[in-house]
1. Normalised by the number of residues in the stretch 349-441, what is the relative contact order in percent for Cα pairs under 8 Å and 6+ residues apart?
2. What's the FRET efficiency of Ser364 with Lys330 using the Cβ-Cβ distance as r and R₀ = 41 Å, to the nearest 0.05?
3. Antiparallel DSSP bridges in the stretch 1-65: what percent, to the nearest 5?
4. Can you work out the accessible area per residue across the chain, with the rest of the protein chains kept in place, probe 1.4 Å, in square angstrom?
5. Thr407 to Arg256: extension gain in nm, 0.36 nm per residue of separation minus the Cα-Cα distance?
6. Under the rule a/c < 1.5 gives rounded, and otherwise a/b versus b/c splits prolate from oblate, where does the chain land using the Cα gyration tensor?
7. Given an 8 Å cut-off on Cα distances and at least 6 residues of separation, report the relative contact order of the stretch 38-118 as a percent.
8. Just want to confirm a number: the relative contact order over the chain, from Cα pairs under 8 angstrom separated by 6+ residues, in percent.
Amino acid sequence: MQGQLSTHDTVISGARVVTPAGAAQCDIGIRDGRIVTLGTDLSGNEMIDATGLIAMPGGIDSHVHIAQPSGPGIEMADDFASATRAAACGGNTLVMPFVLPDEDQSLREATVAYLARAEGQCLTDISCHLIVKSADPVTLGQDLPALIAQGLTSFKVFMTYEGMRLKDSEILQVMDVAKGQGALTLVHAENEDAIEYLRDKAERAGDTAPVFHARSRPVPVEREATHRATTLAEVAGVPLMVVHVSNGAALEEIRRAKDRGVKVYAETCPQYITLTADDLDRAGFEGAKCVCSPPPRDTHEQAAIWAGLEQGAFDVFSSDHCPFRFADEKGKDAPGARDSFRNIPNGIPGVETRLPILFSEGVSKGRISLEAFAALTATNHARIYGLTNKGALMVGKDADIVLWDPTLTKAITQGDLHHGSDYTPWEGFAVTGWPVRTLLRGQTVMENGAPVGAAIGRHIARDKVAA
Ligand code: URP
Ligand code: ZN
Ligand code: ZN
Ligand code: ZN
């Protein structure tokens with residue numbers, strides 16, 4: 001605590017400040033982009049009156065897809081400029097997209113090209129994960145060690161998607177590299193063989209509408225793969241992040257693995273607490289807007305995910321922002337998409353709506369505390385992924401801050417959003433609480449719903465991850 005004499009570049013006064021130690025009324029003093037004082041009656045060159053607002057760590061969205069290669073003729077709807085603009089407007093200060101090598105590109109070449117695309121474009125900071133889609137000797141023996149040494153200390157493996165999925169033996173080899181080099185493995189857990197069987201059967205029966213995407217990827221498909229992934233982590237002796245957990249049975253597999261002493265982290269996303277498979281059954285082709293994997297389930301699984309959030313079974317709440325345009329042949333309306341759900345690009349946009357949805361459904365409705373909200377949306381992401389200077393309102397951390405108006409009510413609508421998609425799955429969804437100002441390293445990047453200032457976002461190298 002310091003008194004009147006302290007000088008700061010910026011002081012945020014009057015807010016209720018959410019720190020890892022609890023929420024309290026105080027001022028936040030910022031100098032050179034860092035939080036240097038938490039106290040009262042602070043003075044600064046710029047004074048931000050945040051009376052009536054809540055100050056929280058800027059959102060870290062550790063699961064987004066930006067400008068990722070998506071197959072012949074398909075294009076993601078966001079580049080780095082539009083994705084991070086949407087992220088900042090949704091109260092985020094850092095997003096973590098994935099480097100996916102294109103055909104005949106090495107992981108190292110893909111990373112260089114991807115970071116070059118981001119350079120000078122970002123309104124938030126970024127920090128990239130890698131996608132390991134091939135367990136070849138160059139990827140495992142050279143590219144991964146070199147990239148991990150550069151601070152790209154996490155990678156995702158897929159148990160589904162032809163062309164991306166790895167065999168169990170390959171996942172174990174990748175986990176060995178993670179263990180040896182100090183990186184964290186993320187897994188997309190769905191049983192591809194079971195999905196192929198169900199998908200082919202659905203198509204043969206003429207069940208080709210978007211809703212059959214959900215019906216061909218039922219809960220047991222995810223539960224089995226989650227069991228297998230956590231078992232592989234147990235065999236390899238590594239920590240594991242299970243991303244986009246959609247249901248109670250998969251979460252139960254994670255609980256069991258933890259009980260066996262496996263270090264497993266779990267992520268869930270807004271779609272699994274707000275959407276159901278019925279949203280894929282919307283009239284006409286509208287259901288395609290909600291096609292993502294794993295698919296949204298039912299209200300009973302939503303309740304299981306809520307129980308997990310309330311009980312602390314989830315470490316992180318991310319968006320899995322994976323934006324495609326709806327009325328677009330390069331997006332959801334890809335050639336053949338109306339003939340079979342198989343051809344609909346997977347993924348939904350959500351980087352701008354993640355925080356308002358969890359705040360409204362969680363905090364405003366009294367299910368989770370402000371501290372839990374900050375942990376699920378920022379602090380735990382920083383801790384787990386090695387973002388040492390990020391994720392908490394504490395002296396010494398980067399001044400990455402979001403100011404919330406907990407009383408602001410509105411209906412989510414596409415016209416207000418800043419992403420490159422031409423729709424939101426949450427059109428008309430009513431929320432209480434909305435971010436009104438976002439500061440990245442002390443500089444305002446969003447005010448009253450509008451992006452502000454230059455693209456000051458940087459790529460952040462991360463610390464190695466302890467096994
Ligand atoms: O459907 C989804 N989630 N698409 C994004 C890629 C992934 O699997 O996370
Ligand atoms: Zn995935
Ligand atoms: Zn059910
Ligand atoms: Zn994803």
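1. About 32 percent, as a whole number.
2. With a Förster radius of 41 Å, E is 0.65.
3. Counting only bridges with both partners in the stretch 1-65, antiparallel ones make up about 65 percent.
4. Spelled out: the 1.4 Å probe surface of the chain, per residue, equals 36 Å².
5. Numbers: separation 151, 0.36 × 151 = 54.36 nm, distance 3.96 nm.
Taking 0.36 nm per residue and subtracting the Cα distance, the gain is 50.4 nm.
6. It comes out prolate by the Cα gyration axes.
7. This gives 29 percent for the stretch 38-118.
8. Relative contact order comes out at 22 percent.
The values are calculated or read from the model by the stated rules, or taken from the named source; none is laboratory data. The shown structure was predicted, so the numbers you read here are calculated from the model rather than taken from an experiment. Counting neighbours? That spans all protein chains shown, and the Cβs are built from the backbone with ideal geometry, glycine included. Calculation scope for accessible area: heavy atoms of the full protein, side chains included, ligands and nucleic acids excluded. Shrake-Rupley method; radii C 1.70, N 1.55, O 1.52, S 1.80 Å.
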